[in-house]
């Protein structure tokens, strides 16, 4: 991997990125020349096949074109929409990707693709819509994620990160950041600027020799690779000097991530056979030319793993190498490692991991050490930030004992990806790479990386990131009476829990009933739309979809909010009386429904016992240390209050079981909460 940042930032970085935009951050442009040769009609399956081929080649714009054709040809088939959304995300088209993932998740016939909610949240975060992103992250983690999976773990982390971002939206260590301009940046991608001297900049770029910015590439274009280029500051502009010596920019490989080590006159960089297999090489400048590149000796370039983004410096007299790698014994995916040069061994020592304060379950990349302030700078997609990769710094007077990282703040960071921080105090300038809005682009606003700079006099320092208060989105209430503004209503499938029973108790929890109910959504859609056509069928689909989304799922979200507020009052020592009433549809006899609604109320009490690993249970049992207690008043109404329009015809299950009117009747309500004197 050469070090690109995408919205996803999650797994498979070492396999070439569904999340990291490989160099496709850069390479998102191939193969559209195929279009003119296939002007005849194509089936959705054929369009998707073309899209799969383009995506495999790293041609994201081509993949987007074909997947969109497939989705347009069969707009109800999510098998075409999901790869389309994924290609948009990998191409950093956050706005259109968010719309596509939303369409997938809200499709009433969706039976899989639960992760579409996760990616929708990610795209909203990359757009700076932190409140809605936080809501979706929490919703995904609580109700749609595979328990214990990385996506659930990261959802919880990004939920907190969104809250942190809302609190720190105005934090900034600098006033202004500027694009290096069209003399250096292009519509494609430039990244990783490093100064060789006061006026010469070396940077990485994927470039094409063309007069326009067409997405159509020739066969020659497709063979292009990322290379190292140089530019010189002359007469107040950057003058591009072209690519470096061909001995460095080897044919057929990607060459990127340069670092200049003045002490030895070394240019150290990444040489990558593909997007996820890089080695670290160096070439020495003798004043006239570059030496033949060599791989770093020792155990730096561990075979079979990604070793990339080197930074070489001197710390307390020791030549120290930092780099990013997914080698074994890391803390997450790509981690930051370091090794020191041993003169006796004429090589670097075995690399050490920077530890869990720097490295995380996510990705930490593009390391840079500023000796003047003993600060390690790097980018991370895990620590609390503004979206995607952000720049962080950790105080590191000892590499074995670094402080927790601090976010570099707005302006340096953005909701998009921010990488390759480099500061040159003697020149009062720093560089950062970003795909933020406002850069040069081929198509969408955030497709491509540009190099930015800002001027600064004082060192770039930041305080340690504060811990997030995850209750920031929870309303503040002072009294028990205010809980009555947040009373939830919870819904059940027909004759649940424990169908065909006269029991008044149950061992099931409401959450078990809720999950079973959600799993029946497809059946409800099928039954309620049976024999319906046209507008009538469309209207019926919308009614069922709305009920599940707003009432079944919305009810459990309202319940979670209510419980957060209730727990706050209980912690203050307030005892409460909760009155719960139940309803049932009029399908069975009245006495039966009384028993049924008692079971439904009991399922809620059972859920309270296990809610959040039992934090409420002591208040129900009366064993809470502060003496606070919950008492219940249970009112089973049966069907005596059911709406007259609700069918009670056992043979008419479409209306007596699967209609929204019948669904509305099968519920329990927390009627009110009172302070127990």
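In units of the compact-protein estimate 2.2 N^0.38 Å, the chain shows a Cα radius of gyration of 1.13. Under the simplified labelling scheme, the residue 107-residue 530 pair shows an inter-label distance of 2.5 nm, with each label point 7 Å from Cα along Cα→Cβ. Stretched out straight at 0.36 nm per residue, the stretch from residue 263 to residue 318 would grow longer than its current Cα-Cα span by 18.7 nm. Only helical runs count toward this figure. For the chain, summing -39,500 (n - 2.57) over DSSP H runs of n ≥ 4 and dividing by all residues gives -8500 deg cm²/dmol at 222 nm. For the stretch 480-675, the calculated P(r), taken from all Cα-Cα distances in 10 Å bins from zero up to the bin holding the longest distance, is 9, 34, 33, 17, 6, 1, 0 percent.
Expected output is a single nm value to one decimal: the length gained when fully extending between residue 53 and residue 500, i.e. 0.36 nm times separation in residues minus the C-alpha distance. What is it?
Working: separation 447, 0.36 × 447 = 160.92 nm, distance 5.38 nm.
Once the chain is fully extended between residue 53 and residue 500, it gains 155.5 nm.
Using a Förster distance of 22 angstrom, determine the FRET efficiency expected from the C-beta separation of residue 251 and residue 200, and round it to 0.05.
Working: r = 24 Å, r/R0 = 1.11.
It comes out at approximately 0.35.
Set the Cα radius of gyration of the stretch 114-181 against 2.2 N^0.38 Å, with N its number of residues, and you get 1.31.
Pairs of Cα atoms under 8 Å, at least six residues apart: use those to get the relative contact order of the chain, whole percent.
Reported relative contact order: 11 percent.
How would the stretch 178-455 be classified by its alpha-carbon gyration tensor: rounded, prolate or oblate, with rounded meaning a/c under 1.5 and the a/b versus b/c comparison settling the rest? Walk me through the numbers before you get to the answer.
Working: a/c = 1.43, a/b = 1.22, b/c = 1.18.
The shape class here is rounded.
The length gained on full extension between residue 546 and residue 233, counted as 0.36 nm times the residue separation minus their Cα-Cα distance, comes to 106.7 nm. Principal axis extents of the Cα atoms in the stretch 259-303, from largest to smallest and rounded to whole angstrom, are 33, 20, 16. Of the peptides 435-441, 349-355, 65-71, the ranking by mean beta-carbon count within 10 Å, highest at the top, reads 65-71, 435-441, 349-355.
If you average the alpha carbon positions of the stretch 49-108 and of the stretch 294-326, how far apart do those two centres end up, in angstrom? Measuring centre to centre over Cα atoms gives 38 Å.
Computed packing ranks the peptides 164-176, 600-612 as 600-612, 164-176, most packed first, by mean other Cβ atoms within 10 Å. What is the list of residues in the stretch 319-349 whose amide nitrogen lies under 16 Å from a point 7 angstrom out from the Cα of residue 427, following Cα to Cβ? Output list for this probe position: empty. The DSSP beta bridges internal to the chain are antiparallel in roughly 90% of cases.
Every number here is computed from the coordinates shown, using simple stated rules; none is lab data. These numbers were taken from a predicted model, which means no experiment stands behind them. No Cβ is skipped: glycine too gets one built from the backbone with ideal geometry, and neighbour counts run over all protein chains shown.
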